[in-house]
Ligand SMILES: [Zn+2]
């Protein structure tokens with residue numbers, strides 16, 4: 001990953017490179033941005049730039065020995081850490097057994113989220129974390145001399161999954177850094193980190209991509225048809241990881257069909273149908289439930305936009321539009337805000353590990369009532 005391959009964020013890239021050129025490299029930096037914004041891609045391009053033997057003001061050269069090692073992520077002074085789980089067969093609790101899977105995942109594409117990582121290591125429903133033993137191992141690795149005489153770079157993905165005791169061990173490394181060490185933390189929710197860590201790192205805020213940036217990026221990077229890229233970018237609010245997830249899952253068809261069936265059953269107050277749909281909702285796991293709720297929120301918002309006559313702003317596929325034409329009249333000023341709020345609350349509950357079926361059934365009962373409320 002070089003800077004030229006990054007979607008958007010030109011200013012951040014330029015600032016990072018200027019820092020290296022001027023000899024200003026903070027030893028602990030935190031890239032904070034939402035999933036799919038490209039934080040990991042930025043950190044990786046920056047690490048490559050730090051190690052490149054002949055960088056230009058625009059980018060790493062792409063041809064030196066270091067750059068070649070980066071092409072296969074085999075640079076000996078580039079270290080990775082990330083959330084993982086302890087394998088039952090293993091007596092150690094470090095990222096070691098997962099390093100190859102991690103390299104493959106990053107090489108395939110650094111625009112991925114926790115969901116892709118979970119499935120890459122077959123951990124679909126496990127809670128991942130970064131262990132104390134891993135932090136000790138990082139202390140040891142970064143305490144060694146660098147192999148090639150330059151920087152030792154650590155990229156640590158999702159530091160918010162560190163437990164408090166782990167975070168404290170990392171804090172020591174941040175406060176008393178070993179020589180020539182640069183630690184790059186890549187976070188989706190820096191607010192969940194210990195304040196003592198947040199206050200000791202240089203924060204690089206990475207904003208979500210605009211719908212347009214994400215759409216253009218998806219078209220150029222993955223060759224996705226322009227209209228489709230635009231629609232996916234819009235539904236996912238510029239989240240490349242979520243948009244590609246949707247693309248790989250055969251588009252939003254699964255979500256769409258579930259949403260249509262669900263709204264019909266809610267309106268008709270068909271309790272047995274709603275109960276059956278609760279299974280479909282909960283079965284694919286937490287990330288899929290969150291995705292569905294975001295999709296539902298998107299559909300409801302599109303109905304509102306359409307109701308206000310702003311048809312040009314409506315981003316729907318043809319089958320979605322067909323459904324929305326019939327469904328939109330049931331979303332009106334008397335219930336629109338409450339329905340959106342309920343969907344957001346449900347998303348929050350699912351993210352907080354509340355039982356999916358219960359959330360869905362409760363949500364369905366409330367939405368049923370609201371849908372039957374007169375305009
Ligand atoms: Zn180079």
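Tabulated results
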| quantity | calculated |
| --- | --- |
| Answer from 36, 8 - the residue that is in contact with a helix residue (DSSP H, G or I) (Cβ under 7 Å, 6 or more places away or on another chain), surrounded by 23 or more Cβ atoms within 10 Å (Cβ to Cβ) and assigned to a loop (DSSP other than H, G, I, E, B) | 36 |
| Residue in segment 324-333 that is surrounded by fewer than 17 Cβ atoms within 10 Å (Cβ to Cβ), modelled with pLDDT under 85, more than 23 Å from residue 113 (Cα to Cα) and not assigned by TED's automatic domain parsing to the domain that holds residue 237 present | no |
| Any chance residue 196 is outside any helix (DSSP H, G or I) and either under 30 Å from residue 142 (Cα atoms) or within 16 Å of the chain's Cα centre (by Cα) (or both) | no |
| Flag for residue 293 being more than 23 Å from the chain's Cα centre (by Cα) and either surrounded by 19 or more Cβ atoms within 10 Å (Cβ to Cβ) or in the same structural domain as residue 33 (by TED's automatic domain parsing) (or both) | no |
| Any hit, segment 241-257, residues being in contact with a helix residue (DSSP H, G or I) (Cβ under 8 Å, 6 or more places away or on another chain), more than 20 Å from residue 112 (Cβ to Cβ), assigned to a helix (DSSP H, G or I) and outside the structural domain of residue 110 (by TED's automatic domain parsing) | yes |
| Residue within segment 364-374 that is in a helix (DSSP H, G or I) and either modelled with pLDDT under 90 or under 26 Å from residue 241 (Cα atoms) (or both) present | no |
| Which numbered condition residue 203 misses (of (1) out of contact with any helix residue (DSSP H, G or I) (no Cβ under 9 Å at 6 or more places or on another chain); (2) in the same structural domain as residue 35 (by TED's automatic domain parsing); (3) more than 26 Å from residue 94 (Cα to Cα)) | (1) |
| Residue match in segment 53-61 (condition: assigned by TED's automatic domain parsing to the domain that holds residue 36 and under 26 Å from the mean Cα position of the chain (by Cα)) | yes |
| Tally, over segment 50-97, of residues that are more than 16 Å from the ligand (Cβ to nearest atom) and either buried (at least 21 other Cβ atoms within 10 Å of the Cβ) or not in a loop (DSSP other than H, G, I, E, B) (or both) | 9 |
| Residue under evaluation residue 111, criteria (1) part of a loop (DSSP other than H, G, I, E, B); (2) in contact (Cβ under 8 Å) with a residue 40 or more places away in the chain; (3) near the ligand (Cβ under 10 Å from one of its atoms), criterion not met | (3) |
| Checking residue 100 against (1) over 23 Å from residue 144 (Cβ atoms); (2) free of Cβ contacts under 8 Å to residues at least 40 places away in the same chain; (3) away from the ligand (no atom under 16 Å from the Cβ), the condition it does not meet | (1) |
| Segment 180-193, residues that are under 24 Å from residue 140 (Cα atoms) and at pLDDT 95 or above | 181, 182, 183, 184, 185, 186, 187 |
| Subset of segment 139-160 [in a helix (DSSP H, G or I) and either in contact with a strand residue (DSSP E or B) (Cβ under 6 Å, 6 or more places away or on another chain) or under 22 Å from residue 116 (Cα atoms) (or both)] | 141, 142, 159, 160 |
| Yes/no for residue 46 being within 21 Å of the chain's Cα centre (by Cα) and assigned to a helix (DSSP H, G or I) | yes |
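A quick yes/no check of all residues on (1) within 16 Å of the ligand (Cβ to nearest atom); (2) at pLDDT 95 or above; (3) out of contact with any helix residue (DSSP H, G or I) (no Cβ under 7 Å at 6 or more places or on another chain); (4) assigned by TED's automatic domain parsing to the domain that holds residue 146:
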residue	(1), (2), (3), (4)
31	no, yes, no, yes
42	no, yes, no, yes
46	yes, yes, no, yes
115	no, no, no, yes
122	no, no, yes, yes
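The values are calculated or read from the model by the stated rules, or taken from the named source; none is laboratory data. None of these values were measured; they are calculated from a predicted model. Every residue, glycine as well, gets a Cβ built from its backbone with ideal geometry; the counts of neighbours run over all protein chains shown.
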